[in-house]
Amino acid sequence: MKKNIIPIILKIITIVTTILLIIFAIWLIKLGILKDKNLLIEYLKDFDILAPLIFIIIQIIQVIIPVIPGGVSSLVGVLAFGPILGFIYNYIGLVLGSIIAYYLAKIYGIKLVRKLFSKSSVKKYLNYTKSKIFALICFFVIFLPGLPDDLVCYIAGLSKMDSKTFFIILLVGKPLSLLGYSILMALY
């Protein structure tokens, strides 16, 4: 009996969390915060000590619901919190968002992914899952800036890639990418 209730509880938690994140994202979009990095930085400053938590939640949302490019929000993190704290907050938010995206794809499948991304992009990256080097492709997409790493997190969830492999790719590839953003902003 207890074994049967745990998956149900996890699904309920996932659904409630997703709904709350969607509501929060819609509210941020209506405020215009997700379209203007300066407005987002000012918005974060209003939250003082809670600003890092708000920013981490925004990073989680932008992975799950790809509204703004991840590079833009990563730069905002560095601008708002500096290169070290910006890196840390970006990393926490993006990794958590990527893990959630992976599991959302595992739970809800291709229908969800097709609602979030273009049909041609989904088809293209699904074809890569048939390759023996999909894990390597996944690593490079997560590592290199400007590539659809949010989509690839969902695609990894649709693929036969196990969670351990995905986590290793994410934990190694994401900090390298964010380090590049942090260094560029520190030099700028």
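The values are calculated or read from the model by the stated rules, or taken from the named source; none is laboratory data. Values in this document were obtained by computation on a predicted structure and should not be read as measured data. All Cβ positions, glycine included, derive from the backbone under ideal geometry; neighbour counts span all protein chains shown.
Can you list the helices (runs of 4 or more DSSP H) lying wholly within region 48-120 that have 3 or more residues being β-branched (V, I, T)?
Qualifying helices (runs of 4 or more DSSP H): 51-64, 70-81, 83-108.
Please tell me if S120 is more than 14 Å from C153 (Cβ to Cβ) and of a type in the set (G, A, S).
Considered against the rule, which asks whether it is more than 14 Å from C153 (Cβ to Cβ) and of a type in the set (G, A, S), S120 comes out as yes.
From the set of residues in region 45-62 that are at pLDDT below 85 and farther than 11 Å from S73 by Cβ, which is surrounded by the most Cβ atoms within 10 Å (Cβ to Cβ)?
Of everything passing the filter in region 45-62, F47 is surrounded by the most Cβ atoms within 10 Å (Cβ to Cβ).
Please verify whether G77 is surrounded by 19 or more Cβ atoms within 10 Å (Cβ to Cβ) and at pLDDT 90 or above, treating the condition exactly as stated.
no
Note down all Cβ pairs under 8 Å where the first residue falls in region 127-156 and is closer than 17 Å to L116 by Cβ, the second is part of a loop (DSSP other than H, G, I, E, B) and of a type in the set (V, I, T), and they're at least six residues apart or on different chains.
I155/T129
Suppose we keep only residues that are free of Cβ contacts under 8 Å to residues at least 60 places away in the same chain and more than 11 Å from the chain's Cα centre (by Cα) within region 83-95. Which one would you say is surrounded by the most Cβ atoms within 10 Å (Cβ to Cβ)?
This residue is Y89.
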